[in-house]
Amino acid sequence: MKNYLFHILISVLIAFTFSCRKENVLTSSNFSIEFSNDTILFDTLFTTIGSTTKYFKFYNNNSGTLNVSSIGLAGGTQSPFRINVDGASGINFNDIEIKSGDSMFVFVEVTIDPNQNNLPLIVEDSILFNTNGNVEKVVLNAWGQDAYFHVNELVEGTWSNDKPHVIYGIAAVGYPTLDSNKTLTIEAGTKVHGHANATLYVYKSSLVVNGTVNSPVVFQQDRTEDYLLYSADSSSGQWRGIYLYDPNASFLKNAEIKNATIGLQIDTNSNNEMVTLDKLKVNNSLYANILTQGANVMATNCLFGSSNNFSAFISFGGNVSFEHCTFSNYWNYSRNSPAFVFKNYYESIDDNLIFRPFNQADFKNCIFYGSTENEFYLDTLENFNTTAVFTNSIIRIDTALDNQTVFNNCFVNQEPYFQEPYFWNFDITDSSNAINNGTTSTLLEDLLGRPRTAPNDLGCYEHQ
């Protein structure tokens, strides 16, 4: 009987010991927390001083306790955001223990007066979590001004110019499997801002941009305030750009696109509809200011300026016509790509060369120039013979232009003498070799609406 009682006592003591033992704390950097969201987006449209609250959770999915050594707002006391961690409010929190399989709530609040015009369009901060030396963050975004916000939505109708339009994710005019044959019209003077990787996407639909010379439509990034040491316009690739896929008839007139990854991409015109560009300026793209792939494009008085890679990449067939356009790249940093590339083939996944000839490719009264020795590259197969013609154009190239059926009265390496090309000003000076070297044109004015007089000047600007 005594032995029986002894064994019971030992069993109780063992059970009590295990029930009181603290769960093992994991200290290796191999262990960290997980989050229900990595970005918290406050998409409420404020019209007065506004405040709203959102939340997310962080989890410990490891077999042991984790100690989150610090949680805090990166912006500190200057942040418009406030946080509450597991019921406690503050800016910084230390030594938060979370057991295996547990989670904790983080509540986030923001207070912004969006009518303060000196605020950026989007106010951004982040919450930093330090666990075992692993620093992770949850991004916080809130609208800083009153605007129209398009967050991963289908759009059509008219975008007015009374407030800016901000794209977060994709604003789609038509979308595969969802819709097509829609039209988005953008009024003169409208400002369109794209957040990081944001795209204005047009699928088998129409985009109509109705800018005027004195009231252009501007497409740019949502960060409009300057960085600490350089201007907001000095950084390319701040948003994805405008992407037209198999579009219906579209028109972009008196507009500017800047600081995108690809300013304007036009792919595939299976219905033979035309994309018309008139008085369009595209600058400071990360990959290309304009990229066409089997597209139908008619461009007049357009500027495709500096880019990290290409001012223009015209490829894979279609019908293209560029008249009085300037392709000039004076990128401020090192660059190995020519300003202009024309390509009539592509490589398949099994490394075969697929010939994609152009039905028509005309370039008249244009300028192809830049800061390197070779700014013009025809990447074509031997089948290339009669589809492309360059007429009365200045071309900077390091080889001879000996194909007279392709190059008609072109001017090799004749300096156009732009006014301030490194500051995106490609208007020509009194000394320019572009003056009076154009062939007959039906265009009556230049990119700035100034009258053209015979004989025309080359490029998008007519010297006054």
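Examine region 32-48 for a residue that is in a loop (DSSP other than H, G, I, E, B), surrounded by 16 or more Cβ atoms within 10 Å (Cβ to Cβ) and at pLDDT 90 or above, and state whether such a residue exists. Within region 32-48 (the criterion being in a loop (DSSP other than H, G, I, E, B), surrounded by 16 or more Cβ atoms within 10 Å (Cβ to Cβ) and at pLDDT 90 or above), the answer is yes, since at least one residue qualifies. Looking at 407, 411, just one residue is at negative phi, without any contact (Cβ under 8 Å) to a residue 24 or more places away in the chain, buried (at least 17 other Cβ atoms within 10 Å of the Cβ) and in contact with a strand residue (DSSP E or B) (Cβ under 6 Å, 6 or more places away or on another chain), and that residue is 407.
Any residue at all in region 378-400 that's of a type outside the set (Lys, Arg), more than 26 Å from residue 334 (Cα to Cα) and free of Cβ contacts under 8 Å to residues at least 12 places away in the same chain? Taking every residue of region 378-400 in turn, at least one turns out to be of a type outside the set (Lys, Arg), more than 26 Å from residue 334 (Cα to Cα) and free of Cβ contacts under 8 Å to residues at least 12 places away in the same chain.
When residues in region 229-285 are screened for being at positive phi, polar (S, T, N, Q) and more than 10 Å from the chain's Cα centre (by Cα), 4 of them pass. Total residues in region 324-373 satisfying the condition of being modelled with pLDDT under 95, closer than 22 Å to residue 300 by Cα and either of a type in the set (Phe, Trp, Tyr) or outside the structural domain of residue 390 (by TED's automatic domain parsing) (or both): the figure is 1. Among residues of region 185-211 that are at positive phi, those with a beta-carbon under 6 Å from a residue that is of a type in the set (Asp, Glu) at least six positions away or on a different chain give the pairs 204/246. The residues of region 185-208 that are closer than 13 Å to residue 249 by Cβ, surrounded by 21 or more Cβ atoms within 10 Å (Cβ to Cβ) and aliphatic (A, V, I, L, M), listed by number, are 202, 207. Figure legend. Inter-residue proximity from region 129-147: first residues closer than 28 Å to residue 192 by Cβ, second residues modelled with pLDDT under 90 and hydroxyl-bearing (Ser, Thr, Tyr), beta-carbon distance below 9 Å, spacing 6+ or different chains. Indicated pairs: 142/44; 142/52; 143/44; 146/47.
Taken across region 391-401, residues that are crowded, with 19+ Cβ neighbours inside 10 Å and on the phi > 0 side of the Ramachandran plot do occur, with at least one present.
Scanning region 81-104 for residues that are surrounded by fewer than 19 Cβ atoms within 10 Å (Cβ to Cβ), closer than 27 Å to residue 143 by Cβ and not hydroxyl-bearing (Ser, Thr, Tyr) yields 82, 84, 90, 91, 92. Annotation note: Cβ proximity below 8 Å between a residue of region 29-49 that is closer than 25 Å to residue 103 by Cβ and among the basic types (Lys, Arg) and a residue that is at pLDDT 90 or above and not in a loop (DSSP other than H, G, I, E, B) (sequence gap 6+ or interchain) occurs for no pair. When the test is whether a residue is among the charged types (D, E, K, R) and without any contact (Cβ under 8 Å) to a residue 12 or more places away in the chain, residue 420 passes it. Taking region 245-353 and the strands (runs of 3 or more DSSP E) fully enclosed by it, the elements with 1 or more residues that are crowded, with 24+ Cβ neighbours inside 10 Å are at 250-258, 262-267, 275-283, 288-300, 310-323, 326-329, 340-343. Kindly provide the set of residues from region 414-464 that are crowded, with 16+ Cβ neighbours inside 10 Å, of a type in the set (Gly, Ala, Ser) and closer than 17 Å to residue 302 by Cα, ordered by number. Listed by number, the residues that qualify are 434, 438, 441, 459.
The values are calculated or read from the model by the stated rules, or taken from the named source; none is laboratory data. None of these values were measured; they are calculated from a predicted model. With ideal geometry, Cβ positions are generated from the backbone for all residues, glycine too; neighbour counts draw on all protein chains shown.
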